[in-house]
1. How many angstrom separate the Cα center of region B:132-197 from the Cα center of region A:52-80?
2. Please give the average number of partner chain Cβ atoms lying within 10 Å of the Cβ of each residue in B:322-330, rounded to a whole number.
3. How far is helix B:254-279 tilted, in degrees, relative to the longest principal axis of the Cα atoms in chain B, given as a value from 0 to 90 rounded to the nearest 10?
4. Given a Förster distance of 51 Å, report the FRET efficiency between A:Ile9 and B:Ala529 from their Cβ-Cβ distance, rounded to the nearest 0.05.
5. Run through region B:171-238 and list the chymotrypsin sites (Phe, Trp or Tyr not before Pro) located in a DSSP loop whose Cβ has at most 13 other Cβ atoms within 10 Å.
6. Given the C-alpha centroids of region B:518-573 and region B:49-97, what is the distance between them in whole angstrom?
7. What does the highest-first list of B:338-345, B:516-523, B:97-104, B:400-407 look like by mean Cβ count within 10 Å?
8. List the lysines whose alpha-carbon lies under 24 Å from that of B:Lys35, not counting same-chain residues fewer than 8 positions away?
Amino acid sequence: MIKRIEAMIEKSVRALREVIYGMTVYDWVHELEKARNEQERLFTLIIFGDLLGVPILPPYHMLRLVPYLVPSFESWRRSMLRERDFTDLIDQEIG
Amino acid sequence: MNSLIILLIGVLGIAVGYGFYARTIDKNIIQPDPKKATPATMYMDGVDFTPASRNVLYGYQFKSIAALGPIVGPIVAVRWGWLPALLWIVFGTFFIGWVQDYSSIILGVREEGKTFGALSYKLISPRARTILLIFIYLYLLLIMGAFGKIVGYDLMTKPAVPLGVLFVMGVGLLAGQMTYRWKIDILITSVVTVILAFVGIWLGTLTGVQNFFTNINELFGFSFGDVTWARMLWSIVVLVICYFGAVLPIWRWAQPINYVSFWIVFLGIIGGTVGLLLWRPTIDAAAFPALTTWDGKLGELGALGPMWPLLFVTIACGAISGWHSLVSSSGTARQIEKETDALPVGGGAMFLEMFVAVLSLLAATVGVGAARYVELNAGAFVFAEGLSKFLTYVGIPESFGLPYGAVFLTLMALTIMYLVVRFMRVASAEFLGDAVPALKNVHIGTIVALALSLLLIWTGYWSHVWILFGSSNQLMAALALLLASLWLMTKAKNYTWTFVPFVFMFLTTMAALARTSYVVLRDAITKGAELPIDKVIGNYVAGVIGVVLFLAALYLAVDAVRAIQTRLAEGRATAGTD
């Protein structure tokens, strides 16, 4: 019984910490992640510029970097091709 | 009636509304599946789509939706009596408020993270997206007008307030510097900056500082209409703050300041609630009647207008708000990890906001009392006084509590205002950027948004601007409910729970818009000679905004009726085939 109460209290404290985290620091962390991923998107675009008809890097260097980018290629492609309208941009602006 | 009973009614509303009604709809109609992939998990790219746990998102959602609406709305609405205000807060949230927030999230989750622009294009008509853009821009302009007037005219002109607000801004920037540049632990940053912020608010209460700001406020004696030098100065200062918030990177200005502001607001709400529970006052029924008159006349304050539709738009975010649907669909829906999280996040945060609205209602009725309420002209400062009264019961003297309450309110407004200017800049670039390329420039787009806001702040009657803001806010919510209803129709699910609230909110907000636009334009035309020139201009501006919003909503309604007919015909055809 006591163990159950302890577990319940622990769970509640953890939930409260998460809620406060969501109200306070989450925004910052989310924004930093966004900034980092936007840089990665840009980097991938530079590497795969050929696909868009813009050969930015010589193919030799590009080919050497391709293996590192393959895992994130699918999400990059989807992200680049996704149609965005002003209500999407609102999300970008509020962070 | 004792304030504890009113609080209990609020808690009961949450228990039954969330525990029974919301859960039943969630379980029987939406039928969320925790194993089903959500857009956040399917399309995780760290930019648009990022999964987060339900508790974190609950905090994020509440922080994003809570602004001045649930606080100022109930304070104004008690002029019709505290009972109708309380009933609308509780029943509005129960039947409409959470429905809108929750369905906006569900719509985003089930439609691959599409936001309102794309959804209105798909579910209503192609032109709906353009109309929505115009609508959102004007809605945002009204937020700026309503909030800007509260802060620039009422709160910042009190000599004990500006230093505290400016100090919190500075401390917020310090928080950003400590975190990003000096890499100091967030816990230490928080403790240092929050203590400094409170010190700043306390410094503002010192007689020397107050005298300094009084001298600034009285530096020039000129005024244009009711725009005195002090109001002119502080409304410009507020907009300069918004300018920086809109043009600087969000991590540099908006986020660290919002972070420090959050603690000021959060501690105020906790302290106020505890103080109220310790005090347990009773509403003086003779001074503050449960029901005043149909047209909202309390004491020497003039009549506001008919209870329907005006009460339902005056209490803006405390019962239902279109702002929530924008946040829910563009932000939260793309971070939901499991479908089952939509109810606790969307519904749960709305019910908590309802509690803030009830607290605000009590601040006006028991914290301030009728005589002082009338003396303060039912303005936002009523909340500051009510909160300071509650805080005295947790040992905080009124000499500190009063400016603290005013800084609390100012920060709540400012943290939303610079995000609103960012929205406006994006919307104007999107809508007119091709025709007027200059609007794509960050600074020009922002200055245009601020200039329009200033025009509304300096010229409009606050009561009319607030009602127009409330109407557009609730109308935005009605549009969210319409999208949810159309989506439910396409999925052949029960749509009564979204469609009936949509019809009610649509009729109410359209009536409020039509009435207010008529009143302000009538005054501008027929009383032009009697009114000061600034008020004539303000009435024309407010009237034109009201008419455009009304027409935009009407266009959307026509397209929506066609879309509904199509959906119902499709439904009948499918049933016939089956």
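1. 41 Å
2. Working: counts 0, 0, 0, 0, 4, 3, 0, 4, 9.
The mean count of partner-chain Cβ atoms within 10 Å per residue comes to 2.
3. The answer is roughly 80 degrees.
4. Details: r = 70 Å, r/R0 = 1.38.
After rounding to 0.05, the efficiency reads 0.15.
5. Values: sites: B:Tyr180, B:Trp182, B:Phe198, B:Trp202, B:Phe212, B:Phe213, B:Phe220, B:Phe222, B:Phe224, B:Trp229, B:Trp234; in loops: B:Trp182, B:Phe220, B:Phe222.
In loop regions of region B:171-238 (DSSP not H, G, I, E or B), the sparsely surrounded chymotrypsin sites (Phe, Trp or Tyr not before Pro) are B:Trp182, B:Phe220, B:Phe222.
6. Taking the Cα centre of region B:49-97 as reference, the centre of region B:518-573 is 25 Å away.
7. On the way: B:338-345: 23.1, B:516-523: 19.8, B:97-104: 29.1, B:400-407: 26.1.
Final packing ranking: B:97-104, B:400-407, B:338-345, B:516-523.
8. A:Lys11, B:Lys27, B:Lys114, B:Lys338, B:Lys491, B:Lys493
Since every read-out is calculated from the coordinates, none of them should be taken as a lab result. Note that the structure is a prediction, hence the values are computed from the model and not measured. Note that we place each Cβ from the backbone using ideal geometry, even for glycine, and neighbour counts take in every protein chain shown.
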